[in-house]
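Structure record follows, encoded as structure tokens.
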Amino acid sequence: MANKKQNYKHMKQKLSSILILLLILVFSGASVIAEVKLPAIFCDNMVLQQQSNVSIWGSASKKSTVSVTTGWNHKSYSAHAGNDGKWKLKVATPSAGGPYEISISDGKTLRLRNVLIGEVWICSGQSNMEMPMRGLRSQPVIGSAEAIALSSNPNIRLFTVKKTSSLEPLDDVTGDWKLCTPENVYGFSATAYYFGLMLHKVLNVPVGLIHSSWGGSRIEPWMSESGLKNFDWVKLPEKKPVENLSIQTPTVLFNAMINPIVGYGMRGAIWYQGESNRHEPKEYLKLMPGLIENWRSLWGIGEFPFYYVQIAPYDYGQSGISSAYLREAQLKASTALPNIGMACIMDLGEKDVIHPSNKETGSNRLAYLALDKTYGIKGITGQSPVFKEMKVSGEVVKLTFDHAITGLTSFGKELSCFELAGADKRFFPAKASIVGPEIILISLSVTKPVAVRYAFKDFVVGDLYGVSGLPVSSFRSDDWDQ
């Protein structure tokens, strides 16, 4: 009888221990479910856009209350998670500074450390944006060894979106905010890095660079489904599972590499793309402003600055039309919308390499646009001279230019890229002279000129500049098909 009582007592104790263990597991599991989760873009070392109301979002247990406390003012904000657990709120950021800490909690606290407040830019496009500071195989970035060695900077932060594609919009990307060190700069976009470095040097504030690009991609994959509906020649993909989804499929790079960061507080965007669309310049002229309007609409912060690099001259061979027509489309697109601009690199192209090695100069020209037009730094010229008008007097042609207040220059070299044509549409080399802000042309082979072209070829080294040192884009006065 005593043994039975002891066995009963032992079994009761064992059952109690199991029950306690189960309760611990249940409650610990609940706390894991309730733990706040954030998209990859919100993590240690991030940069938030200064002096704005920036969005922070994530997930938690459904219908829970999420509180966010910002270290710069110790103010708390709250939001209620929906039935799907998703929540979103906005916090006010101060002037540039940091580092700060942000606490996010729905009962269990998550802390974001080493957060800076400054200027945030999205950097996107194809391979000339993707090209890292280390260079590509047999394709260097000039000066990168020294630039990488000197790159340690606690006030520049780098985020690279891992390359992926999707037929459906995704909620998150793969990546994290990295410190600006030689190890991290080595593999980061050269165009984005040099752009951010120039901004930091001039503005003396933290700079955050979000790099999302894919070499060889066209522009259509970087636009959302809603953004492409106005372009009837673009075939939207069916939402069916596909093996080896092509990166050229419309919407798929936007869905996977831009949509998850839409709404993240930023100042503006830079873009370097166009080579893969060079055979369709007329369509690109519409798609480039279309992409900008698409992104602006989705971000919902107004007409944010958008600056892009005109593709460089390069020998594409005999296939298709000259890439000069794509450069022309990019030049025309630069005036299609407010608050955009184009950096010209007519002097940086390489005949046999599609990726110009002088990334720093091209990136600086993007930065000049931002410093001039966005930040209003007086004394900085961001705009290249642009062809305005052609006047003919007998055999002599006079060209005038916008944005050439201090005149034009060839830095002492003979201008070699001008051509004139008569009514027969045959172009011949023209002798060019600079007279203040104007160009005077004459060709012994064209007695009655009706059209002029400058550097309007696949590959050419531009030789006309504004006195500020910014090159003039290739251009033409005619609208002939070829």
>> Through the Karplus equation 6.51 cos²θ - 1.76 cosθ + 1.60, θ set to phi - 60°, convert the phi angles of the stretch 104-118 into ³J(HN,Hα) values in whole Hz; use x for Gly and Pro.
In response: 10, 8, 10, x, 10, 8, 10, 10, 9, 10, 6, 8, 9, 10, x
>> Which residues does the label zone of residue 377 cover in the stretch 192-212, counting backbone N under 19 Å from a point 7 Å along Cα→Cβ?
In response: 192-210
> Looking at 234, 337, 97, which one has the Cα that reaches farthest to the positive end of the dipole of the chain (charges on Cβ: Lys, Arg +1; Asp, Glu -1)?
Replying inline: 97
> So what are the radius of gyration and Dmax for the Cα set of the stretch 147-279, in Å?
Replying inline: 16.5, 49
> Relative to the first principal axis of the alpha-carbon coordinates of the chain, what is the inclination of helix 324-333, with its axis defined by its Cα atoms, in degrees from 0 to 90 and to the nearest 10?
Replying inline: 70 degrees
> Which longest run of the chain has no exposed loop site in it, a site being chymotrypsin sites (Phe, Trp or Tyr not before Pro) in a DSSP loop with at most 11 other beta carbons within 10 Å, and the site itself not part of the run?
Replying inline: 1-232
> Taking the Cα-to-Cβ direction at residue 423 and at residue 457 and moving 7 Å from each Cα, how far apart do the two end points lie in nm?
Replying inline: 2.9 nm
> Treating the beta-carbon of each Lys and Arg as +1 and of each Asp and Glu as -1, no other charges, what is the dipole magnitude of the chain about its Cα centre, to the nearest 20 debye?
Replying inline: 2240 debye
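Set the Förster distance to 45 Å, then compute FRET efficiency between residue 179 and residue 396 from the Cβ-Cβ distance, nearest 0.05.
Working from the Cβ atoms, E equals 0.15.
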> So in the chain, what percent of DSSP beta bridges are antiparallel if you round to the nearest 5?
Replying inline: 70 percent
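What area, in nm² and to one decimal, does the C-alpha convex hull of the stretch 237-382 cast on average over all directions? Each step should come with its number before you reach the end.
On the way: hull surface 42.2 nm².
Projected over every direction and averaged, the Cα hull of the stretch 237-382 covers 10.5 nm².
Would you mind finding the longest exposed-site-free stretch of the chain, with exposed GluC sites (Glu not before Pro) meaning DSSP loop and at most 14 other Cβ atoms within 10 Å? Before the final figure, lay out each step's value.
Details: sites that count: 238, 243, 303, 395, 414.
Counting only loop sites that pass the neighbour cut-off, the longest clear stretch is 1-237.
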> Long-range amide H contacts for residue 44: which residues qualify at under 5 Å (H placed 1.01 Å from N, peptide plane, sequence gap of 5 or more or a different chain)?
Replying inline: 113
> Over the chain, what relative contact order in percent results from Cα pairs under 8 Å that are six or more residues apart?
Replying inline: 12 percent
> Could you give the angle, 0 to 90 degrees to the nearest 10, between helix 190-203's Cα long axis and the longest principal axis of the Cα atoms of the chain?
Replying inline: 90 degrees
> How much length, in nm to one decimal, is gained on full extension between residue 168 and residue 113, taken as 0.36 nm per residue of separation minus their Cα-Cα distance?
Replying inline: 16.6 nm
>> Assuming 0.36 nm per residue, please report the length gained on full extension of the stretch residue 447 to residue 481 beyond their Cα-Cα distance.
In response: 10.0 nm
> Looking only at the stretch 294-326, which residues have a backbone nitrogen under 15 Å from a spot 7 Å from the Cα of residue 279 in the C-beta direction?
Replying inline: 316-323, 326
>> Just to confirm the number: angle between the C-alpha axis of helix 2-34 and the first principal axis of the chain, 0 to 90 degrees, nearest 10?
In response: 20 degrees
> Rg and Dmax of the chain over Cα atoms: what are they, in angstrom?
Replying inline: 28.1, 129
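Suppose only helical runs count, i.e. DSSP H with n ≥ 4. What mean residue ellipticity at 222 nm does that imply for the chain under -39500 (n - 2.57) per run, divided by all residues and rounded to the nearest 500 deg cm²/dmol? Could the numbers behind the result be given before it?
Working: 9 runs with 106 residues, N = 482.
Calculated mean residue ellipticity at 222 nm is -7000 deg cm²/dmol.
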>> Need the list of lysines near residue 373 for cross-linking: C-alpha distance under 24 angstrom, and skip anything on the same chain fewer than eight residues off.
In response: 201, 286, 332, 359, 388
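Give me the percent of Cα-Cα pairs in the stretch 46-132 that sit more than 14 Å apart, rounded to a whole number. Numbers along the way, then the final one.
Numbers: 2493 of 3741 pairs.
That fraction is 67 percent.
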>> Place a point 7 Å from the Cα of residue 134 along the Cα-to-Cβ direction; which residues of the stretch 193-217 have their backbone N under 17 Å from it?
In response: 193, 215
> Bin by bin, in steps of 10 Å, what percent of the Cα pairs in the stretch 326-482 do you find, going until the bin that has the longest distance?
Replying inline: 10, 38, 36, 14, 2
>> Averaged across orientations, what area in nm² does the convex hull of the alpha carbons in the stretch 203-296 project?
In response: 7.4 nm²
> What Kirkwood radius, in Å to one decimal, follows from the Cα pairs of the stretch 389-482?
Replying inline: 13.4 Å
> Sorted from largest down, what three extents in whole angstroms do the Cα atoms of the stretch 53-198 have along their principal axes?
Replying inline: 55, 39, 23
> Can you list the HN-Hα couplings for the stretch 435-440, worked out from phi with the Karplus curve (6.51, -1.76, 1.60; θ = phi - 60°), rounded to whole Hz and with x for Gly and Pro?
Replying inline: 10, x, x, 10, 10, 10
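What is the magnitude of the charge dipole of the stretch 199-279 about its Cα centre, with +1 placed on the Cβ of each Lys and Arg, -1 on the Cβ of each Asp and Glu, and no other charges, expressed in debye to the nearest 20?
Details: 8 positive and 6 negative charges, 42 e Å.
It comes to approximately 200 debye.
Can you list which of the trypsin sites (Lys or Arg not before Pro) found in the stretch 338-392 are DSSP loop residues with at most 16 other C-beta atoms within 10 Å?
On the way: sites: 351, 359, 365, 373, 378, 388, 391; in loops: 351, 378.
The qualifying sites are 351, 378.
Each reported figure results from applying straightforward, stated rules to the coordinates on display, with no laboratory input. Small disclaimer: the values here were computed from a predicted structure and weren't measured. Methodologically, a virtual Cβ is constructed for each residue, glycine included, from the backbone with ideal geometry; neighbour enumeration extends over all protein chains shown.
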